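Reading through the structure tokens given below for one structure.
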Amino acid sequence: MTTLPSRLRALLVTATSLLALTTTAAPAGAATPGPGAPEDFVSLTSVDPTILHDIRYTTAHNFVGERVDGYRQPLCILTRPAAEALRRAQRQLLERGHTLKVYDCYRPQRAVDHFVRWAEDPDDDRMKAEFYPRVDKTRLFADGYLAERSGHSRGSTVDLTLVKLPAVPTRPYVPGEPLAPCYAPRGQRFPDNSVDMGTGYDCFDTLSHTDDPRTSGTQRANRQFLKATLEAQGFVNLPEEWWHFTYGPEPYPDTYFDFPVSRRSLAHTH
């Protein structure tokens, strides 16, 4: 590898140090082993250890309000082509004083099934005040916020954001703490070390649309910076979600996998 400029080396050190704070393994559970991943699925950290992780579905800080089925460890698993494309994007971002941070990558079908069961329970609205304050829960599927099949399950879709370096860790969510709307001003919604994108992650609101005209100049610029950087590496943004990108061409455009998000799922690939 060629020698990196001193500023880029410093940014790499900062990002790698923060990664150690954000990828601590979740406590071991009693779940039984599941089927493994295909050979060309990899952990993102094995391809680029400088990209930050905030895997929300291993925690209670998501629209369901609990760990989601199939998320056994806070890993980002992707097809190798998608992971390598993120590595290329990350190299460009580090030179400009930013890093990628992933919220979700490969998503097993059992997690999507968990979302479906949750949506069918009208009494479970514990996270409504943050994630869907202006949307009736019964409309989440009809309005396109959720689906019974997710592109994430094909292994080449990722939810992510930008963090300005040097980054500081995001504080842990405390179950039961007061919730603020995901579209509230940055200083009022749940703190995230992401740059200001106008909403939090997984905000079920039209303000999450990538090109929504109500975003401020800075918010719009941040969204377009992320979008342009990833599009240059072959990703396509979902217009309804500023954080959602799919790498194309996908190795598995018609296959929805259901192996767990865990290191064990990748054991046979190394």
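The values are calculated or read from the model by the stated rules, or taken from the named source; none is laboratory data. Being a predicted model, the structure only gives us computed values, none of them experimental. As a convention, Cβ positions derive from the backbone with ideal geometry for all residues, glycine included, and neighbour counts pool all protein chains shown.
Some observations on this one:
- Against the conditions (1) more than 17 Å from the chain's Cα centre (by Cα); (2) surrounded by fewer than 19 Cβ atoms within 10 Å (Cβ to Cβ), Tyr183 satisfies every one except (2).
- All positions within segment 102-123 that are within 14 Å of His244 (Cβ to Cβ) and not in a loop (DSSP other than H, G, I, E, B): Val102, Tyr103, Asp104
- Residue in segment 42-51 that is assigned to a loop (DSSP other than H, G, I, E, B), hydroxyl-bearing (Ser, Thr, Tyr) and either at pLDDT 95 or above or touching a strand residue (DSSP E or B) at 6+ places or on another chain (Cβ under 7 Å) (or both) present: yes
- Selection of segment 52-91 for residues being more than 21 Å from Arg117 (Cβ to Cβ), of a type in the set (D, E, K, R) and not in a loop (DSSP other than H, G, I, E, B) yields Arg80, Glu84, Arg87, Arg88, Arg91.
- So Arg107, is it surrounded by fewer than 19 Cβ atoms within 10 Å (Cβ to Cβ), under 16 Å from Ser156 (Cβ atoms) and not hydroxyl-bearing (Ser, Thr, Tyr): no
- Which numbered condition Ala129 misses (of (1) over 23 Å from Leu75 (Cβ atoms); (2) among the small types (Gly, Ala, Ser); (3) under 20 Å from the mean Cα position of the chain (by Cα)): (3)
- Filtered residue count, segment 176-214, keeping only those that are under 23 Å from Ile55 (Cβ atoms), outside any loop (DSSP other than H, G, I, E, B) and free of Cβ contacts under 8 Å to residues at least 40 places away in the same chain: 1
- Residues satisfying the stated conditions in segment 102-158, i.e. at positive phi and either among the hydrophobic types (A, V, I, L, M, F, W, C) or at pLDDT 95 or above (or both): Gly155
- Checked against the criterion of being of a type outside the set (Val, Ile, Thr), farther than 20 Å from Arg223 by Cβ and surrounded by 15 or more Cβ atoms within 10 Å (Cβ to Cβ), the candidates Leu146, Leu100 yield just one match: Leu146.
- Residues that are part of a loop (DSSP other than H, G, I, E, B), farther than 21 Å from Asp104 by Cα and out of contact with any Gly (no Cβ under 8 Å at 6 or more places or on another chain) within segment 124-157 comprise Asp125, Pro133, Arg134, Val135, Asp136, Ala142, Asp143, listed in sequence order.
- Among the residues making up segment 60-97, those that are aliphatic (A, V, I, L, M) and buried (at least 19 other Cβ atoms within 10 Å of the Cβ) are Val64, Val68, Leu75, Ile77, Leu78, Ala82, Ala83, Ala85, Leu86, Ala89, Leu93, Leu94.
- Search result, residues across segment 195-214 that are more than 19 Å from Tyr173 (Cβ to Cβ) and among the aliphatic types (A, V, I, L, M): Val195, Leu207
- Answer residue from segment 215-270, given it is assigned to a helix (DSSP H, G or I) and at pLDDT below 95 and is surrounded by the most Cβ atoms within 10 Å (Cβ to Cβ) among those: Thr269
- Number of the exception - Pro175 against (1) exposed (fewer than 14 other Cβ atoms within 10 Å of the Cβ); (2) on the phi > 0 side of the Ramachandran plot: (2)
- First in segment 42-58 and free of Cβ contacts under 8 Å to residues at least 40 places away in the same chain, second anywhere and surrounded by 21 or more Cβ atoms within 10 Å (Cβ to Cβ) and assigned to a strand (DSSP E or B), Cβ under 7 Å, 6 or more apart: none
- Pairing each residue of segment 225-245 that is in contact (Cβ under 8 Å) with a residue 12 or more places away in the chain and of a type in the set (Lys, Arg) with any residue that is crowded, with 23+ Cβ neighbours inside 10 Å and in a strand (DSSP E or B), provided the two are 6+ apart or on different chains, yields C-beta distances under 9 Å for Lys227/Phe235; Lys227/Phe245.
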